[in-house]
Amino acid sequence: MEVCTHPKGVQQWLTPHRQQHQRIALVPTMGCLHAGHLKLIEQAHQHGDLVVVSIYVNPLQFGANEDLDRYPRPLEADLRACQDAGVDMVFAPANLYPHGQPQVMLHTETMANRLCGIHRTGHFDGVLTVVSILFHIIQPHYALFGEKDFQQLRLIKRMVDDLYMPVTIIPVATLREHDGLAMSSRNRYLSESERALAPAIFATLRSMQRLFCAGETSVNPLIQHGLKQLTSQNITPEYLEIVQNEDLCPPHKAHAACRIVIACKIGQTRLIDNLPIQSDNPIQSVGVQP
Ligand code: PAF
């Protein structure tokens with residue numbers, strides 16, 4: 001496995017592979033890899049001849065009071081995990097902004113100014129800027145993103161469409177712990193008691209999903225049902241909403257192409273999750289019962 005720390009090294013290493021028309025599948029990450037990332041890598045192997053993983057904790061997507069400094073950076077363990085997963089090349093730059101604060105950035109519009117965007121000002125501008133930089137450097141044919149970050153996934157898809165970027169975005173279903181908690185690098189911040197509470201998030205989404213499948217399509221009763229469940233566990237969500245998959249806008253009535261999306265703090269740890277409102281797919285997990 002090749003490890004590159006500089007964009008020029010990436011481009012040099014990729015050139016002969018590109019000349020042989022090999023297809024490149026990119027898995028962008030901020031490191032601290034877990035089973036969810038390994039699933040992205042596994043799917044990447046199904047699409048590309050070469051799998052590239054980027055590892056970079058992008059300062060542009062962290063707000064002033066967020067966890068940039070304490071974000072875990074276990075690079076050695078991440079490289080071992082990539083090696084074991086058959087990754088061809090890791091791009092792990094020390095700094096993608098050598099000239100300081102970039103003077104040219106991507107600016108997101110209304111789709112980013114809701115849900116997480118309300119609570120994390122500038123976050124999606126930072127995400128899209130770094131993802132577009134990675135696309136410029138690596139020029140992948142495919143890029144894989146987890147559905148757990150649903151708003152991020154939808155915005156990246158819109159960026160690729162709006163800017164005519166020659167890359168296909170592959171969404172990958174959320175991988176869950178045995179009790180339904182969505183896998184996330186931030187789960188490691190949870191204390192034992194917080195970890196015991198966290199599956200209430202998934203349980204709430206599932207319960208709303210069941211209510212929809214039983215015939216309730218009015219948004220308010222569905223939301224109230226979910227809020228009641230959360231309140232009974234002393235969880236106050238930052239948001240709990242039903243949105244249309246395509247534009248993340250609230251529907252008039254809930255329908256099959258909608259998603260239930262949630263963000264809440266368990267202790268000091270901000271967790272997000274989402275489920276399609278209609279459970280037509282088996283839930284991807286490492287043991288949870290759908
Ligand atoms: O989802 C993430 O890990 C990050 O937001 C991403 C896409 C790697 C950009 O930094």
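All of the numbers you see were taken from the coordinates with simple rules; none came from a lab. Owing to the predicted nature of the structure, the values given are computational and were not obtained by experimental measurement. Please note: Cβ atoms are built from the backbone with ideal geometry, for glycine as well, and neighbour counts cover all protein chains shown.
The table below gives the values:
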| item | result |
| --- | --- |
| Assigned charges on the beta-carbon of Lys, Arg, Asp, Glu; the stretch 131-290 dipole about Cα centre (debye) | 200 |
| Calculated from backbone phi, Karplus (6.51, -1.76, 1.60) coupling profile of the stretch 13-26 in Hz, x at Gly/Pro | 5, 7, 3, x, 5, 5, 5, 8, 6, 6, 8, 9, 10, 10 |
| Point-charge dipole on Cβ atoms (K/R +1, D/E -1) for the stretch 101-198, about Cα centre, debye to 20 | 20 |
| DSSP-defined beta bridges in the chain - what % are antiparallel, rounded to 5 | 45 |
| Value of Rg to Rh for the chain (Rh from inverse mean 1/r over Cα pairs, i.e. Kirkwood) | 0.96 |
| Rounded D (µm²/s) - the stretch 102-162, Kirkwood Rh over Cα pairs, Stokes-Einstein at 20 °C, 1.002 mPa s | 178 |
| Candidate aspartates and glutamates for bridging to LYS253, where Cα separation is under 13 Å - those fewer than 8 sequence places away on the same chain excluded | GLU216, GLU241 |
| Residue among THR110, THR204, THR121 with the largest mean-square fluctuation in a Gaussian network model of the chain, springs linking Cα atoms under 10 Å | THR110 |
| Selection of GluC sites (Glu not before Pro), the stretch 35-90, meeting DSSP coil and at most 16 other Cβ within 10 Å | GLU66 |
| Computed over the stretch 54-169: relative contact order in percent, which uses C-alpha pairs under 8 Å that are six or more apart | 29 |
| Selected from TYR239, VAL219, GLY180, residue furthest toward positive end of dipole (the stretch 171-265; charges at beta carbon) | GLY180 |
| Order of CYS258, CYS213, CYS82, CYS32 - criterion: other Cβ atoms within 10 Å of each residue's Cβ, fewest first | CYS213, CYS32, CYS258, CYS82 |
| Max mean-square fluctuation residue, GNM over the chain, Cα-Cα springs under 10 Å, options GLY31, GLY126, GLY215 | GLY215 |
| Highest-fluctuation residue, VAL87, VAL104, VAL172 considered, GNM on the chain with Cα pairs under 10 Å | VAL104 |
